[in-house]
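Colleague: Take this structure, written in structure tokens, and hold onto it; I'll ask about it next.
The values are calculated or read from the model by the stated rules, or taken from the named source; none is laboratory data. Treat the numbers as computed from the prediction; the structure is a model and nothing was measured. Please note: Cβ atoms are built from the backbone with ideal geometry, for glycine as well, and neighbour counts cover all protein chains shown. Accessible surface is based on the protein model in full, side chains and every heavy atom, while ligands, DNA and RNA are left aside. Shrake-Rupley method; radii C 1.70, N 1.55, O 1.52, S 1.80 Å.
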Amino acid sequence: MSRERGIVYLIGAGPGDPGLMTLRGADRLGRAEVVVFDHLASARLLDLAPASALRICAGKSVGHCTLDQNEINQTLVEHAQAGKVVVRLKGGDPLVFGRGSEEAAVLRRHGIPFEIVPGVTAGVGATAYAGIPVTCRGAASAVAFVTGHSDPEASAGRSGVDWPALARFPGTLVVYMGVTHLDAICRTLIREGKPSGTPAAIVESGSLPSQRVVAGTLESITSLARERHVRPPALLVVGEVVARRGELEWFESLPLFGQRIVVTRPRDEAARSASALEALGAEVVVAPTVEIRQIADSGPLDAAIDRLGDYDWLVFTSVNGVRSFLERLFERGKDLRALGGVKLAAIGPSTAEALDRFHLRADLIPPSFRSESLAESLAGVAAGSRILLARADRGRTILKDELSRLADVDQVAVYQNADADQLPDSLIDRIMDGSIDWITLSSSAITARLHALLPEPARRKIGREIKLASISPITTQAAANLGWTVAAEASTYTWDGLIEAMTRQVAAGRAPL
Ligand code: SAH
């Protein structure tokens, strides 16, 4: 048998926020050849698996990719027996209402090695994000995790849950899978003696930007949940600890909590841009409108690199410009000494930071981060000198036009700014159904491409129901030329400035009247 390498890692993905998976889980996922995932495991986590890994959706909910438990077991066994490193990624913790033990038992029967990597179970993770401590000195010295999967009234005695004992349980009750039978569960607990005024809450989509918490009492929670259209995944929490939420709530107070924001930047920049937004509580939809590619003909760039000694100034107007220029320089067998005789200019702090990553310091950053300001600053120090502009193959020419009047300017394309062919269908659906709050515009080119890629009905929603956040007045003007009104404009022309502008707008909207 060729089973030398075959192994299965049963990994808990946590309740939703991808940051809640363990380091051990992330490490194993990074080595996966096959990933079999649940719908409750965050899609963002799948990005941690190598691009080449086979991704299999096991579903376990409505949807087209649903496998039953036997099929899941069989899939794990087959791939492991073929010698693959298999990750079984499950929501929360694999052994808490996750059938992880059944999967492990099947693997053991087949002699397949496995590891279990625990995860943050929803009963602990979703409640923490809701600001509800499951135990608390004085309020609860015990907690019970309970399944509400079967109807306590219809299946009395058969559900395996001793509801009369739970009604007397001296601590917090955390009921998983309880939404469908919420009414019967609460009624049963009250009938069996739990005071009807006991604080109770529903935590829906805990730890996700769509998190909602509905709080009331054992008596009122069912009708409150119905009014608010609570949907799975959701937990029912019953006990005095629910009342602590007022002091402990933190997640929903994050500055961009609940805001659904589209990032339109090229994919390699989008990940960093997205995590800055997510840290503030936003849900991010990545939809690149342009792509960064290598230039087709590197001849002119190579020639410029070989002639670097002829220039006094080397000017960068983007992070990609820095990265592409230096990568090419290294590929040509040179090192940083090739830049020894030349001064460096960066259009703004992000570009300067990109230089810094190569241990290079910008000699000049203009006070305002745009071409006009850069041209003006350079004019002050570089008149009469020889300047090389390292830039994208397209974009505004103002820098060259302005500087050419007083210096000897060459410009060279160091990377290609290509249009994305299409936007994800899911983005257009979300624009149409109103589940997007913001679209970010970080350049005129991105704005133009977004406009071109959107179907007319979607275009019409933008600037109205869906707000636009712009990185600079130039970008705002580009949007205006296309008939779009910008709701928030950065006062510092950087991604951080753009986030700050959105945050200000959201805060203004939240302020009490
Ligand atoms: N193994 C998982 C539980 C699987 S059972 C764990 O340890 O968390 C599925 C139930 O978990 C859902 O019906 C819901 O009650 C709960 N659940 C999972 N994710 C949740 C979330 N983000 N917010 C609230 N409840 C969640």
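Colleague: Could you say whether any residue in the range 142-153 is more than 16 Å from the ligand (Cβ to nearest atom) and modelled with pLDDT under 95?
Modeller: Going through the range 142-153, the residues more than 16 Å from the ligand (Cβ to nearest atom) turn out to be 142, 153.
Pick out the ones that are also modelled with pLDDT under 95 and you get 153.
Looking through the range 142-153, at least one residue is more than 16 Å from the ligand (Cβ to nearest atom) and modelled with pLDDT under 95.
Colleague: Related question: Report every pair of residues separated by at least 6 positions or lying on different chains whose Cβ atoms are under 7 Å apart, first residue within the range 39-58 and under 17 Å from GLY119 (Cβ atoms) and not assigned by TED's automatic domain parsing to the domain that holds SER207, second among the aromatic types (Phe, Trp, Tyr) and open to solvent by less than 80 Å² (accessible area, probe 1.4 Å).
Modeller: Every condition considered, the pairs that remain are LEU46/PHE37; ALA58/PHE37.
Colleague: Also: I'd like the residue in the range 242-256 that is more than 14 Å from the ligand (Cβ to nearest atom) and part of a helix (DSSP H, G or I) and, out of all such residues, is nearest to ARG191 (Cα to Cα).
Modeller: Taking the range 242-256 and keeping what is more than 14 Å from the ligand (Cβ to nearest atom), we get 242-250, 253-256.
Subsequent filtering for residues that are part of a helix (DSSP H, G or I) retains 242-248, 253.
Numbers: VAL242: 21, ALA243: 23, ARG244: 26, ARG245: 27, GLY246: 29, GLU247: 31, LEU248: 31, SER253: 37 Å.
Filtering first and then ranking leaves VAL242.
Colleague: I need the helices (runs of 4 or more DSSP H) fully contained in the range 420-493, keeping only those with at least 2 residues that are of a type in the set (D, E, K, R).
Modeller: On the way: elements: 425-432, 444-453, 456-461, 473-481.
Once the helices (runs of 4 or more DSSP H) in the range 420-493 are filtered for at least 2 residues that are of a type in the set (D, E, K, R), what remains is 425-432, 456-461.
Colleague: Any residue that is open to solvent by 40 Å² or more (accessible area, probe 1.4 Å) and in contact with an Asp or Glu (Cβ under 8 Å, 6 or more places away or on another chain) - is there at least one of those in the range 248-260?
Modeller: Within the range 248-260 (the criterion being open to solvent by 40 Å² or more (accessible area, probe 1.4 Å) and in contact with an Asp or Glu (Cβ under 8 Å, 6 or more places away or on another chain)), the answer is yes, since at least one residue qualifies.
Colleague: Taking ILE112 as meeting all but one of (1) part of a loop (DSSP other than H, G, I, E, B); (2) within 16 Å of the ligand (Cβ to nearest atom); (3) farther than 27 Å from ALA200 by Cβ; (4) of a type in the set (A, V, I, L, M, F, W, C), write down the number of the exception.
Modeller: ILE112 satisfies every listed condition except (2).
Colleague: I've got another one for you. Give me the residue from the range 87-109 that is more than 15 Å from the ligand (Cβ to nearest atom) and free of Cβ contacts under 8 Å to residues at least 40 places away in the same chain and, out of that set, least open to solvent (accessible area, probe 1.4 Å).
Modeller: Narrowing the range 87-109 to residues more than 15 Å from the ligand (Cβ to nearest atom): 87, 105-109.
Then keep just the ones that are free of Cβ contacts under 8 Å to residues at least 40 places away in the same chain; that gives 105-106, 108-109.
Numbers: ALA105: 47, VAL106: 18, ARG108: 158, ARG109: 179 Å².
Top of the filtered list is VAL106.
Colleague: Of the conditions (1) open to solvent by 20 Å² or more (accessible area, probe 1.4 Å); (2) closer than 21 Å to TRP163 by Cβ; (3) free of Cβ contacts under 8 Å to residues at least 40 places away in the same chain; (4) within 31 Å of the chain's Cα centre (by Cα), ILE202 satisfies every one except a single condition; which number is it?
Modeller: All conditions are met except number (1).
Colleague: Let me ask something else. Any idea how many residues of the range 37-47 are surrounded by fewer than 23 Cβ atoms within 10 Å (Cβ to Cβ) and at pLDDT 90 or above?
Modeller: Qualifying residue count for the region: 0.
Colleague: What single numbered condition from (1) over 20 Å from the mean Cα position of the chain (by Cα); (2) under 24 Å from GLU353 (Cβ atoms); (3) surrounded by 22 or more Cβ atoms within 10 Å (Cβ to Cβ) fails to hold for PRO473?
Modeller: Exception for PRO473: condition (3).
Colleague: Take ALA80 and decide whether it is within 12 Å of the ligand (Cβ to nearest atom), in contact (Cβ under 8 Å) with a residue 12 or more places away in the chain and not in a loop (DSSP other than H, G, I, E, B).
Modeller: Details: within 12 Å of the ligand (Cβ to nearest atom): no; in contact (Cβ under 8 Å) with a residue 12 or more places away in the chain: yes; not in a loop (DSSP other than H, G, I, E, B): yes.
In short, no.
Colleague: Under 7 Å between Cβ atoms, at least 6 apart or on separate chains: pull out the pairs that start in the range 211-239 with a residue that is not assigned by TED's automatic domain parsing to the domain that holds VAL134 and end on any residue that is open to solvent by less than 20 Å² (accessible area, probe 1.4 Å).
Modeller: none
Colleague: Here's another thing I want to ask about it. Please work out if ARG187 is within 16 Å of the ligand (Cβ to nearest atom) and open to solvent by 10 Å² or more (accessible area, probe 1.4 Å).
Modeller: Details: within 16 Å of the ligand (Cβ to nearest atom): no; open to solvent by 10 Å² or more (accessible area, probe 1.4 Å): yes.
No: the conditions fail for ARG187.
Colleague: When you check PHE358 against the structure, is it open to solvent by less than 20 Å² (accessible area, probe 1.4 Å), touching a Leu at 6+ places or on another chain (Cβ under 8 Å) and within 27 Å of TYR493 (Cα to Cα), yes or no?
Modeller: On the way: open to solvent by less than 20 Å² (accessible area, probe 1.4 Å): no; touching a Leu at 6+ places or on another chain (Cβ under 8 Å): yes; within 27 Å of TYR493 (Cα to Cα): yes.
So PHE358 fails the test.
Colleague: Still on this structure: Among the listed residues ARG245, ARG265, ARG272, which satisfies the condition of being open to solvent by 40 Å² or more (accessible area, probe 1.4 Å) and farther than 28 Å from ILE462 by Cα? Spell out the reasoning first.
Modeller: Working: ARG265 fails: farther than 28 Å from ILE462 by Cα; ARG272 fails: farther than 28 Å from ILE462 by Cα.
It is ARG245.
Colleague: Can you go through SER377, SER444, SER385, SER404 and tell me which one is open to solvent by less than 70 Å² (accessible area, probe 1.4 Å) and under 30 Å from VAL284 (Cβ atoms)? So that I can check it myself, show each step before the final result.
Modeller: On the way: SER377 fails: under 30 Å from VAL284 (Cβ atoms); SER385 fails: under 30 Å from VAL284 (Cβ atoms); SER404 fails: under 30 Å from VAL284 (Cβ atoms).
Result of the check over SER377, SER444, SER385, SER404: SER444.
Colleague: Applying the selection to the range 447-497, what residues are out of contact with any strand residue (DSSP E or B) (no Cβ under 9 Å at 6 or more places or on another chain) and charged (D, E, K, R)?
Modeller: GLU456, ARG459, ARG460, LYS461, ARG464, GLU465, ASP496, listed by residue number.
Colleague: Within the range 121-137, can you find the residues that are more than 8 Å from the ligand (Cβ to nearest atom), β-branched (Val, Ile, Thr) and in contact (Cβ under 8 Å) with a residue 40 or more places away in the chain?
Modeller: Once the filter is applied, which keeps residues that are more than 8 Å from the ligand (Cβ to nearest atom), β-branched (Val, Ile, Thr) and in contact (Cβ under 8 Å) with a residue 40 or more places away in the chain, the range 121-137 yields THR127, ILE132, VAL134, THR135.
Colleague: Got at least one residue in the range 330-338 being among the aliphatic types (A, V, I, L, M) and surrounded by fewer than 22 Cβ atoms within 10 Å (Cβ to Cβ)?
Modeller: To start, the set of residues in the range 330-338 that are among the aliphatic types (A, V, I, L, M) comprises 336, 338.
Filter once more, keeping what is surrounded by fewer than 22 Cβ atoms within 10 Å (Cβ to Cβ): 336, 338.
Yes, the range 330-338 contains at least one residue that is among the aliphatic types (A, V, I, L, M) and surrounded by fewer than 22 Cβ atoms within 10 Å (Cβ to Cβ).
Colleague: Six or more apart or on different chains, Cβ atoms under 9 Å: show the pairs whose first residue is in the range 452-474 and assigned by TED's automatic domain parsing to the domain that holds SER435 and among the basic types (Lys, Arg) and whose second is in a helix (DSSP H, G or I) and open to solvent by 40 Å² or more (accessible area, probe 1.4 Å).
Modeller: Note: pairs meeting the criteria are LYS461/MET432; LYS467/GLN505.
Colleague: Here's a follow-up. Test of understanding: among LEU235, LEU218, which residue is within 26 Å of ARG137 (Cα to Cα), open to solvent by less than 50 Å² (accessible area, probe 1.4 Å) and near the ligand (Cβ under 10 Å from one of its atoms)? Show your work before the answer.
Modeller: Working: LEU218 fails: near the ligand (Cβ under 10 Å from one of its atoms).
Of the residues listed, the single one that is within 26 Å of ARG137 (Cα to Cα), open to solvent by less than 50 Å² (accessible area, probe 1.4 Å) and near the ligand (Cβ under 10 Å from one of its atoms) is LEU235.
Colleague: Any residue in the range 13-25 that is assigned to a helix (DSSP H, G or I) sitting within a Cβ distance under 9 Å of a residue that is near the ligand (Cβ under 9 Å from one of its atoms) and β-branched (Val, Ile, Thr)? List the pairs, counting only those 6 or more apart or interchain.
Modeller: LEU20/VAL120
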